[in-house]
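Here is the structure we will look at.
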2 protein chains.
Amino acid sequence: MADFRLMQELTIDSSSKIVLLVLDGLGGIPMAPGGPTELESAQRPNMNRLAAEGTLGQTLPVGHGITPGSGPGHLGLFGYDPLQYDIGRGVLEAFGIGVDVGPEDIAARGNFCTIDASGLITDRRAGRIATEAARPLVDKLAGISLPGVELEVKPVKEYRFVVVMRGPGLSAELSETDPQRTGAAPLPVKALDPKAEKAAHLFNQWLEAARGRLAKDHPANMVTLRGFSGDPRLPKFETIYKMRPACVAVYPMYRGVARLVGMKTIDVAGDRPEDEFRTLASVWKDFDFFFVHIKPTDSRGEDGNFEAKVKVIESVDAALPSLLDLRPEVLVITGDHSTPARLRSHSWHPVPLLLWAPQTIRPDEERSFGERACARGGLGTIRAADLLPIALAHAGRLTKYGA
Amino acid sequence: MADFRLMQELTIDSSSKIVLLVLDGLGGIPMAPGGPTELESAQRPNMNRLAAEGTLGQTLPVGHGITPGSGPGHLGLFGYDPLQYDIGRGVLEAFGIGVDVGPEDIAARGNFCTIDASGLITDRRAGRIATEAARPLVDKLAGISLPGVELEVKPVKEYRFVVVMRGPGLSAELSETDPQRTGAAPLPVKALDPKAEKAAHLFNQWLEAARGRLAKDHPANMVTLRGFSGDPRLPKFETIYKMRPACVAVYPMYRGVARLVGMKTIDVAGDRPEDEFRTLASVWKDFDFFFVHIKPTDSRGEDGNFEAKVKVIESVDAALPSLLDLRPEVLVITGDHSTPARLRSHSWHPVPLLLWAPQTIRPDEERSFGERACARGGLGTIRAADLLPIALAHAGRLTKYGA
C-alpha cells in the first residue's frame, strides 16, 4: 500500500502529467469456455499499440477474492487502502449528487418504499418510481424541520434520495431502518453508541414526520434510511502526492469519490469518451493528475450485454489519439473492478492494467491489452493502491529513499 | 518480510553455503523502444545456463515505485525491511570509510561550502573541490577539540567528509545546517528533542570553530552538517540466521552496510570480479554466507554508459566458473536496485533475480537471465527482504513451522 508518510517525504514537484483512465468494470471473463473476454474481443488498435510500448499487469482492488463497490474500487486507484478508509454509503451518495457532508454532519441514503395499512413493507423500492415522480415527494420531505438541526433532502435517481442532518452533538453510529425484506415494518433507528442517542431520536422523529407527509402517496408512502455516515476525513490527494488533481467524470458517484479525496471535478459537456477527452484537454494546463472516468463499460457489463460492453471499449480506443495528443508523461488504463457481462455484476477478478510511460518504461513482451496478456505482464499482480506510487515514479515525482 | 523471531525459531545449523552475488544497479531498461536492456544485451553464457537450471524472479527493494539508496537496497537483500530499519546518512557514510559509530556516538555527513563576506552560501559544494584539495582542510577540522567529547573527522570524496562525536549524554535528534539553497546562511544545529540540547550546543561550537579555521580557504571556507545519526542498532545477521556471514566488497559504503549487520568484511586484492571471487575462495571454509558486491554495474549505469555496463556484466559472467567451482549449495544473482543507463540514476524498476540451487530447485521455463524473462519467472515479484528466507530454505537451513 502507499505509505502516505513515505509518499509525503518522497514526492517532489515536477511539470510531468499523469492520466489515470478508468474504464469502470473493465475486467471480464469469457461468455463460453475458451472464448475471449470483452476487452480481448474489442477492436483496440490504440490500446494494443500502447500495450506493446508499455507494460501490463493486473490490479487487485481490495484483495484476493473481494468484489469491490465503486467507492473502494476508486479509493484503491487513488492510492488509499480501501480496507483502511471506509466511506459510508450515505456520504458517498451525498457527494455523488454534489451535497457536501461537513465534519459534524450525518448523511443517509433514503429509499422510498411501499407499506400496507398495517405498516408492513410490500415493496422495498416503491415500484421503482421514476425520478420525475419522486421529485415532488422529495420536496415534501425537504419541508420537514426539527429543532436544533438543519436538514437537507435531495433526490438521487428513481426511488433513491439523500438526507443530510447538520447540527451539534450528532454521531452516525446508527442502525439502518430497512428490514431487508417485505412483510416487515421499517425498523426504528437505534443508537449503536451512547453518543448517537440524540441523532437516533432526531432521525426517528424525522421518519414519523415523513410517514405523515407521504401517507397518501402510494406506492411511495414511506421511506427507509441506510448507510448513516459522516465525513470520512480522508487525507487529501494533493497533500500526499503534491499534484493538483482533476476529475473528468460524468456520473455523480465518481465525481463524489473524487471530491472526497480533494480532487477538483470538471464539468463535461456530453457523455462520450471524446467529450471527456476534450474536457481533459481544456484543463490540461491547470492540473498535474487527471482521473478520467468512463462509466458505460460497467453499465453494459451489469446489463449482461457482452457485445455492448465491447462497443464501449472500442469507442474509448477510437478516441484515444486525442488523449495521446496531449502527451502525458504517464498514462494508466485500467478499471476500478471487473464487471463480466457473463456475471451481470461487479466481480472479484483482477483488473487489466496498462502502464505507458515512453521515457522510463521497462517493457514486457506482451503486445495486446487483454486479461490473458495482463496476467503475464511485467508489473505482475499488484494491489490497486500500489499503482499510484509506480505512476509517480515514472512521472519523475518520487525522489530516492535513503542514502 | 523476514520475520526475525520466526527466522530465529526456524533456522538450523548446516554445512551448506549460500552466495549472494550483488551486481549493484543491475536492472535496466531499453535505450530505445523495443530494444534490449543492458543485461539482455550482454554475452552471458554462464548466467544463462544458471537461469535454465535455476529459477527467476524480480525483487522490489523497498516497495512499488520506490527508488532505493544503497543502504536500503542492501538492507533489503540481507532480509531487513528497509522501511523499518533506517540507517542515518551520517552513519552510513562513516561506516563506508571504515569509521565505526558506537552506541553512544553521533555521526554527521559534512559538506564543504562557499560563503560570501556576509556569511551567505554561494556554493553548497565549494566548487566540488577535489579530494586532494579537501584533505588538508579536513586535517584543519580534525584539529578542533571540544570539552568532554572526542571528535573524529575524516575525508570521504571531493567536498564530502564525516564527523563523529563521541561522549556521554549525546543524542542525534538534531536538525541539519544545510539550508538547501544558495543565498542563505548555514543554519544552526537545533535540538529536535530536549535530550539533544547538549549535542546541539557542542556541534554549534564546532561549526563556529570550523568557520574560524577555514576563513581563508575560499572556496571551501565553511561547512554544513547533515544526517546526524547514531548506531541504528540493527539485529545481527548471525543471530537471526545462524550463519557466519562474510562480505567481499571493494567499496567502503557496501563494506559499511555489511558491518552494520555484523558481517565480517574481507579485504580484496584487486577490484575485478575474478579478484573478488579469488578472495571468496580464500575464506570459503570460514563462513557460511557470502555477500559478494560488484560495484561498476551501478557506476556505468550512472554514467549513462549502456555499453560499458554491458561489459561489466560480461566480465562477471566470464569469471563465474571460478565461483561455481566452490560448489555453493545456493547461489543468488541479483542487484540492490536498478540503475538504467538510460536514466543515469538509481530507479524504482524491479531487479532481476536468479536463484540457483541444484539440489532443491523448482525450475521455471525461462532459459536466459534478463529483465523480460525475470518478469515471467517462477519466483514472481517479491520483496527483496523475502529473498533470504527462500535462500535459507534451499540451503536446508530452515526447519518446518508447526507440527
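The values are calculated or read from the model by the stated rules, or taken from the named source; none is laboratory data. Fair warning: this is a prediction, and the values are worked out from it, not measured in the lab. Cβ sites come from the backbone with ideal geometry, for glycine too, and all protein chains shown count toward neighbours. Areas reflect the complete protein model, heavy atoms only, side chains present, ligands, DNA and RNA absent. Shrake-Rupley method; radii C 1.70, N 1.55, O 1.52, S 1.80 Å.
Residues in the range A:296-308 include none that are under 24 Å from A:Leu75 (Cα atoms), assigned to a helix (DSSP H, G or I) and hydrophobic (A, V, I, L, M, F, W, C).
For B:Gly370, the criteria (1) within 14 Å of chain A (Cβ to nearest Cβ); (2) of a type in the set (Gly, Ala, Ser); (3) open to solvent by 20 Å² or more (accessible area, probe 1.4 Å); (4) within 18 Å of B:Arg49 (Cα to Cα) hold in every case but one, which is (3).
Right, A:Pro363: within 14 Å of another protein chain (Cβ to nearest Cβ), in contact (Cβ under 8 Å) with a residue 12 or more places away in the chain and in contact with a His (Cβ under 7 Å, 6 or more places away or on another chain) or not? Considered against the rule, which asks whether it is within 14 Å of another protein chain (Cβ to nearest Cβ), in contact (Cβ under 8 Å) with a residue 12 or more places away in the chain and in contact with a His (Cβ under 7 Å, 6 or more places away or on another chain), A:Pro363 comes out as no. I'd like to know if the range B:159-169 contains one or more residues that are among the charged types (D, E, K, R) and open to solvent by 70 Å² or more (accessible area, probe 1.4 Å). For the range B:159-169, residues among the charged types (D, E, K, R) and open to solvent by 70 Å² or more (accessible area, probe 1.4 Å): absent.
Scanning the range A:51-83 for residues that are assigned to a helix (DSSP H, G or I) and touching a helix residue (DSSP H, G or I) at 6+ places or on another chain (Cβ under 8 Å) turns up A:Ala51, A:Ser70, A:Gly71, A:Gly73, A:His74, A:Leu75, A:Gly76, A:Leu77.
The residue that is farthest from B:Gly90 (Cα to Cα), counting only those in the range B:142-157 that are in contact with a Gly (Cβ under 8 Å, 6 or more places away or on another chain) and surrounded by 15 or more Cβ atoms within 10 Å (Cβ to Cβ), is B:Val149.
Each row is one residue, and each column tells you yes or no for (1) in contact with a helix residue (DSSP H, G or I) (Cβ under 7 Å, 6 or more places away or on another chain); (2) in a strand (DSSP E or B); (3) more than 10 Å from chain B (Cβ to nearest Cβ).
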{"position": "A:Val312", "(1), (2), (3)": "yes, no, yes"}
{"position": "A:Pro321", "(1), (2), (3)": "yes, no, yes"}
{"position": "A:Pro328", "(1), (2), (3)": "no, no, yes"}
{"position": "A:Cys374", "(1), (2), (3)": "no, no, yes"}
{"position": "A:Ala385", "(1), (2), (3)": "yes, no, no"}
{"position": "A:Ala391", "(1), (2), (3)": "no, no, no"}
{"position": "A:Gly396", "(1), (2), (3)": "no, no, no"}
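Is it true that A:Leu202 is in a helix (DSSP H, G or I), in contact (Cβ under 8 Å) with a residue 40 or more places away in the chain, aliphatic (A, V, I, L, M) and closer than 20 Å to A:Val101 by Cβ? Yes, satisfied.
In the condition set (1) assigned to a helix (DSSP H, G or I); (2) at pLDDT below 90, B:Asp86 is compliant with all but (1). Every condition in (1) within 12 Å of chain B (Cβ to nearest Cβ); (2) touching a strand residue (DSSP E or B) at 6+ places or on another chain (Cβ under 9 Å) holds for A:Asp336 except the one numbered (1). Here the range A:346-360 is the region considered, the condition is being away from chain B (no Cβ under 14 Å) and open to solvent by less than 10 Å² (accessible area, probe 1.4 Å), and the residue that is nearest to A:Asp325 (Cα to Cα) is A:Leu354. Conditions: (1) open to solvent by 10 Å² or more (accessible area, probe 1.4 Å); (2) on the phi < 0 side of the Ramachandran plot; (3) part of a loop (DSSP other than H, G, I, E, B). A:Arg109 meets all but one. Number of the miss? Against the list (1) open to solvent by 10 Å² or more (accessible area, probe 1.4 Å); (2) on the phi < 0 side of the Ramachandran plot; (3) part of a loop (DSSP other than H, G, I, E, B), A:Arg109 comes up short only on (3).
Would you check if there is a residue in the range B:68-78 being touching a residue at least 60 places away in the same chain (Cβ under 8 Å), touching a His at 6+ places or on another chain (Cβ under 6 Å), at the interface with chain A (Cβ under 9 Å from one of its Cβ atoms) and over 16 Å from B:Asp217 (Cα atoms)? Yes.
Would you mind finding the one in A:Thr37, A:Thr11 that is polar (S, T, N, Q), open to solvent by less than 10 Å² (accessible area, probe 1.4 Å), within 29 Å of A:Lys285 (Cα to Cα) and touching a helix residue (DSSP H, G or I) at 6+ places or on another chain (Cβ under 6 Å)?
The unique qualifying residue is A:Thr11.
Taken together, A:Leu56, A:Leu6 contain a single residue that is within 25 Å of A:Ile390 (Cα to Cα) and surrounded by fewer than 24 Cβ atoms within 10 Å (Cβ to Cβ), which is A:Leu6. Scanning the range B:1-15 for residues that are in a loop (DSSP other than H, G, I, E, B) and within 26 Å of the chain's Cα centre (by Cα) yields B:Met1, B:Ala2, B:Asp3. Every condition in (1) open to solvent by 50 Å² or more (accessible area, probe 1.4 Å); (2) closer than 16 Å to A:Arg211 by Cβ; (3) in a helix (DSSP H, G or I) holds for A:Pro188 except the one numbered (3).
Yes/no matrix, rows are residues, columns are (1) within 12 Å of the chain's Cα centre (by Cα); (2) within 21 Å of A:Ser338 (Cβ to Cβ):
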{"position": "A:Thr59", "(1), (2)": "no, yes"}
{"position": "A:Phe78", "(1), (2)": "yes, yes"}
{"position": "A:Glu104", "(1), (2)": "no, no"}
{"position": "A:Ala107", "(1), (2)": "no, no"}
{"position": "A:Gly110", "(1), (2)": "no, no"}
{"position": "A:Cys113", "(1), (2)": "no, no"}
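When the range B:40-50 is limited to residues that are open to solvent by less than 20 Å² (accessible area, probe 1.4 Å) and either in a helix (DSSP H, G or I) or within 11 Å of chain A (Cβ to nearest Cβ) (or both), the one that is farthest from B:Asp298 (Cα to Cα) turns out to be B:Leu50.
Only one of A:Leu343, A:Leu379 is within 11 Å of chain B (Cβ to nearest Cβ), within 21 Å of A:Ile66 (Cβ to Cβ), open to solvent by 10 Å² or more (accessible area, probe 1.4 Å) and in a loop (DSSP other than H, G, I, E, B). Can you tell me which?
Among A:Leu343, A:Leu379, only A:Leu379 is within 11 Å of chain B (Cβ to nearest Cβ), within 21 Å of A:Ile66 (Cβ to Cβ), open to solvent by 10 Å² or more (accessible area, probe 1.4 Å) and in a loop (DSSP other than H, G, I, E, B).
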